[in-house]
Amino acid sequence: MNSYTTREAMDLLIEKAKTKTKLSLAQLVILGINAGALIAFGYLAFLRVSGAVPQQWGSVATFLGACVFPIGLIALTFLGGELLTGNMLVMTLAFLDHGIALRDLVKNWLLVFLTNVVGGTLVAFFFGHFVGLSEGSFLAKTAAVATAKLADGPLMMVVSGIGCNIFVCMAVFMATISKDFLGKMFSLWFPIMIFVVCGFQHVVANAFILPAYYFAGGGISLAQIGENLLFVGLGNAIGGALFVAFPLILLNPRPQEVDHENHV
C-alpha cells in the first residue's frame with residue numbers, strides 16, 4: 001500500500017514531535033527561519049502571478065496565485081523546516097498522547113513563531129523591498145492584500161486563522177499518510193490552495209506580506225503588524241490543536257486502549 005492508516009500517521013507525527021524536543025537551539029533557529037522564508041517565497045510567487053493578471057479577470061487572479069503559493073509548504077516538507085502552523089498539530093498530538101510535556105510544546109511554539117517571523121521578514125526586506133519584487137508594478141497587489149489582512153477586527157482575525165489552520169493541518173496530515181512523492185505533493189498542494197482562495201489568514205504568511213508593505217512605505221505600523229500576528233496566531237493554534245489534533249486523538253485511540261475498553 002502507498003499509504004499509512006490514520007493511527008499509523010498519528011504515531012509518525014508523535015514520534016516526530018519527540019524528535020523536535022531534542023533539537024538544539026541552533027538547529028531550531030535555522031529550521032524556523034528556513035520555514036518562514038520558504039512560506040514567504042510561496043507568497044512572493046502568489047503576488048507575482050496574481051499581480052500580473054488583468055484586473056477584469058477578478059477572482060481568477062486569486063485562484064492563479066493560489067495555485068503557486070503551496071510551493072512553500074511543499075519545499076519545506078522535503079527540504080526541512082520548523083513551521084509554526086504545522087507544529088500546532090504535531091506538538092499537540094504528542095502532548096495529548098502524553099508523549100511530550102506542556103513546556104516542550106510551549107517552548108517549540110514560541111521559538112518557532114519568532115524564527116518564522118524572522119524568516120518571513122528577511123524575505124520581505126531583501127527580495128520584496130531591496131530587489132523590489134513586491135513593489136513597483138506589484139505594489140498595488142501587495143497593498144491590497146496587506147490592507148485586507150489588517151482590515152479584519154481581532155475576532156475576525158481569530159476566526160479566519162482557525163479556518164486557515166484546519167486546511168494547513170489537513171495538508172500536513174494527509175501528506176503524512178501518503179508514502180510516495182506525488183501523493184505527498186498533491187496532499188500538500190490542494191488544501192493550501194483552498195485556504196488561499198478562501199482568503200484565510202496564516203500567521204507565518206502574514207509575517208511576509210505585512211512587513212513587505214511596511215518596507216514599501218505603506219503607512220502601517222509595527223503595532224498593527226504585531227496585533228495581526230497575535231490574533232491570527234491564536235486562531236491558527238485553535239484551528240490546529242482543537243479542530244484537528246484533538247478530534248484525531250479522540251477518534252483514533254491506541255489499539256491497547258481499544259482492547260481495554262472492549263474488555264471492560
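The values are calculated or read from the model by the stated rules, or taken from the named source; none is laboratory data. Values in this document were obtained by computation on a predicted structure and should not be read as measured data. Ideal geometry is used to build each Cβ from the backbone, glycine not excepted, and the neighbour counts take in all protein chains shown. These area figures cover heavy atoms from the full protein model, side chains too; ligands, DNA and RNA do not enter into them. Shrake-Rupley method; radii C 1.70, N 1.55, O 1.52, S 1.80 Å.
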Checklist line | Leading residue by the ranking (nearest to Ala75 (Cα to Cα)) among those in the stretch 152-199 that are touching a residue at least 60 places away in the same chain (Cβ under 8 Å) and of a type in the set (S, T, N, Q) | finding: Thr176
Notebook entry, point to check: Here are some residues: Leu38, Leu47, Leu93, Leu13. Which one is within 14 Å of the chain's Cα centre (by Cα), touching a residue at least 24 places away in the same chain (Cβ under 8 Å) and buried (at least 19 other Cβ atoms within 10 Å of the Cβ)?
Noted result: Leu38
Next item on the list: Mind listing whichever residues of the stretch 163-187 are modelled with pLDDT of 95 or more and open to solvent by less than 30 Å² (accessible area, probe 1.4 Å)?
Entry: Gly163, Cys164, Asn165, Val168, Cys169, Ala171, Val172, Phe173, Ala175, Thr176, Ser178, Ser187
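Residues that are of a type in the set (Val, Ile, Thr), surrounded by fewer than 22 Cβ atoms within 10 Å (Cβ to Cβ) and out of contact with any Ser or Thr (no Cβ under 8 Å at 6 or more places or on another chain): does the stretch 195-206 have at least one?
In the first step, residues of the stretch 195-206 are kept if they are of a type in the set (Val, Ile, Thr); the result is 196-197, 203-204.
Next, only the ones that are surrounded by fewer than 22 Cβ atoms within 10 Å (Cβ to Cβ) stay: 197.
Restricting the remaining residues to those that are out of contact with any Ser or Thr (no Cβ under 8 Å at 6 or more places or on another chain) gives none.
The answer is no; no qualifying residue exists.
Do we find that Phe200 is hydrophobic (A, V, I, L, M, F, W, C), at negative phi and either at pLDDT below 95 or in a loop (DSSP other than H, G, I, E, B) (or both) in this structure? First the steps, then the outcome.
Working: hydrophobic (A, V, I, L, M, F, W, C): yes; at negative phi: yes; either at pLDDT below 95 or in a loop (DSSP other than H, G, I, E, B) (or both): yes.
Against the criterion (hydrophobic (A, V, I, L, M, F, W, C), at negative phi and either at pLDDT below 95 or in a loop (DSSP other than H, G, I, E, B) (or both)), Phe200 qualifies.
One line per residue, one yes/no per condition, for (1) modelled with pLDDT of 95 or more; (2) among the acidic types (Asp, Glu); (3) open to solvent by 20 Å² or more (accessible area, probe 1.4 Å):
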| site | (1), (2), (3) |
| --- | --- |
| Asp97 | yes, yes, yes |
| Asn108 | yes, no, no |
| Leu114 | yes, no, yes |
| Leu133 | yes, no, yes |
Next item on the list: Answer yes or no as to whether Gly128 is in contact with an Asp or Glu (Cβ under 8 Å, 6 or more places away or on another chain) and either modelled with pLDDT of 95 or more or hydrophobic (A, V, I, L, M, F, W, C) (or both).
Entry: yes
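Somewhere in the stretch 75-82, is a residue in a loop (DSSP other than H, G, I, E, B) and among the acidic types (Asp, Glu)?
So the first thing to find is which residues in the stretch 75-82 are in a loop (DSSP other than H, G, I, E, B), and the list is 80-82.
The next check asks that each one be among the acidic types (Asp, Glu); those that pass are 82.
Scanning the stretch 75-82, I find at least one residue that is in a loop (DSSP other than H, G, I, E, B) and among the acidic types (Asp, Glu), so the answer is yes.
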Item checked: Candidates Ile194, Ile225, Ile209, filtered to the one that is of a type in the set (Val, Ile, Thr), farther than 21 Å from Thr121 by Cβ, assigned to a helix (DSSP H, G or I) and modelled with pLDDT of 95 or more -> Ile194
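Quick check: is even one residue across the stretch 16-33 more than 19 Å from the chain's Cα centre (by Cα), buried (at least 20 other Cβ atoms within 10 Å of the Cβ) and in a helix (DSSP H, G or I)? Outline the logic, then answer.
First pass over the stretch 16-33, keeping only residues more than 19 Å from the chain's Cα centre (by Cα): 18-19, 21-27.
Cutting the leftovers down to buried (at least 20 other Cβ atoms within 10 Å of the Cβ) gives us none.
There is no residue in the stretch 16-33 that is more than 19 Å from the chain's Cα centre (by Cα), buried (at least 20 other Cβ atoms within 10 Å of the Cβ) and in a helix (DSSP H, G or I).
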Next item on the list: Identify, from the list Leu139, Leu133, the residue that is assigned to a loop (DSSP other than H, G, I, E, B) and within 16 Å of Leu44 (Cα to Cα).
Entry: Leu133
